[in-house]
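Undergrad: I'd like to ask some things about the structure below.
Bear in mind these aren't lab numbers, they're just calculated from the coordinates by the rules spelled out. All values derive from a computational prediction rather than experimental measurement. Note: ideal-geometry Cβ built from the backbone for every residue, glycine included; neighbour counts use all protein chains shown.
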């Protein structure tokens, strides 16, 4: 990245956009994480095994798997405000229906609706950040945005078990619906497209609102032809498979394998979010400073390679250390990979679609891994499952070493 790009002035309203993206991501993050810390309670309520209960995470990802990439195309046609507001509406609707569910199947259906909202919103807000902030500031802004998920995770992991004891698991669902409704109002009022700089034609530039250029290759083809984008996507798949499934299952491991009470298990799991909080902006800032997303992501993947088998064997004080390392990994990888999208594509017309591919990749990883993880635990035990899952970060490390990073 050139010094000229680093010195591009950031529009003042970009920080309002970042705040909107952050707060709505907090709301959606609560929905993503609300099932994990009280999973044994829900499992008992509907009399299902751990493998089936794992679908509460994976069905959340089904819609994201199929909608994330098309969301980028839809944003090009309808704009950030309409698409993002619709996404928040899906989050509210899904949570309300989940609270009213009288069967496990209907609860899974409500999670699909929530997943639709989560995936589409993720594409909309990350695309908005990429379009409002200049290239030299995207890493840091994505890093700040990425702290929303650790905070939502820490908040939910720590408080959901406590809330469940007083208002029941359905009360947790109703509370999340109210939080997302507030996010819907906020997003609708403040979200707006980035202004085109003076002299730009058609409203298209690094800081302009998305529009389809009448000439040149389509943004969709640009994304699909980029080998770097596919490497980024694989890394995000591995993140979804390992980090998200380990984080989702960690309270259950502590409860069932170690006999720990859910409140304490939730407190320890909440550390993952608290540690990820400073790591996200720090990782993004470092990637801007050293001019390399690749190196920062490799560090995160190396940590993941080591911690994956340890997570489901830890006991005593080591359970806290595992939470710290998982938090480090969860904070390092997503922001630098999201920032790498704009580096890999350069054509900002393609950024929403590139972000859609990343969100789709994470959802694919979660969809496949979480129920498989639970099924494998039932079949071969916690420790053997951890060893088997170690192969995935190893694959990501090999591929990321092949990533062709331009001099910045």
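Undergrad: Mind checking the angle between helix 351-380 and the chain's longest principal axis? C-alpha axes, 0 to 90 degrees, to the nearest 10.
TA: Orientation of helix 351-380: about 20 degrees from the principal axis.
Undergrad: In the Gaussian network model of the chain, springs joining C-alpha atoms below 10 Å, which of 374, 168, 316 carries the largest mean-square fluctuation?
TA: Evaluated over the chain, the most mobile residue of the options is 316.
Undergrad: Here is a further query. What ranking, highest mean first, results for peptides 68-80, 102-114 when packing means the other Cβ atoms within 10 Å averaged over each residue? Please list the in-between numbers first.
TA: On the way: 68-80: 20.8, 102-114: 18.2.
Ranked by mean Cβ neighbours within 10 Å, highest first: 68-80, 102-114.
Undergrad: I've got another one for you. Between rounded, prolate and oblate, where does the range 292-356 land on the alpha carbon gyration tensor, with a ≥ b ≥ c its root eigenvalues, rounded for a/c under 1.5, else prolate if a/b exceeds b/c? Can you show the working numbers first?
TA: Numbers: a/c = 3.98, a/b = 3.10, b/c = 1.28.
Note, shape of the range 292-356 comes out prolate.
Undergrad: Which of [x] 1.08; [y] 0.96; [z] 1.04 is the computed Rg/Rh (Cα atoms, Kirkwood Rh) for the structure on display?
TA: Computed from these coordinates, Rg/Rh (Cα atoms, Kirkwood Rh) corresponds to label [y].
Undergrad: Here is a further query. 222 nm [θ] for the chain, helices only, -39500 (n - 2.57) per DSSP H run of 4+, per residue, to 500?
TA: Details: 18 runs with 317 residues, N = 408.
Result for the chain, helices only: -26000 deg cm²/dmol.
Undergrad: Moving on to the next point. Subtracting the Cα-Cα distance from 0.36 nm times the residue separation, let me have the gained length for residue 103 to residue 44 in nm, one decimal. Write down the numbers at each step before the final one.
TA: Working: separation 59, 0.36 × 59 = 21.24 nm, distance 1.22 nm.
Length gained, residue 103 through residue 44: 20.0 nm.
Undergrad: Using only the alpha-carbon atoms, how far is helix 80-100 inclined from the longest principal axis of the chain? Give it as 0 to 90 degrees, nearest 10.
TA: Approximately 10 degrees, to the nearest ten.
Undergrad: Roughly how tilted is helix 148-190, in degrees to the nearest 10 and between 0 and 90, from the longest Cα axis of the chain?
TA: 10 degrees
Undergrad: I'd like to compare 87-95, 175-183, 380-388, 354-362: which one has the highest average count of other Cβ atoms within 10 Å, and what's the full order after that? Mind dumping the intermediate values first?
TA: Working: 87-95: 24.3, 175-183: 20.6, 380-388: 16.7, 354-362: 27.9.
Top to bottom by mean Cβ count within 10 Å: 354-362, 87-95, 175-183, 380-388.
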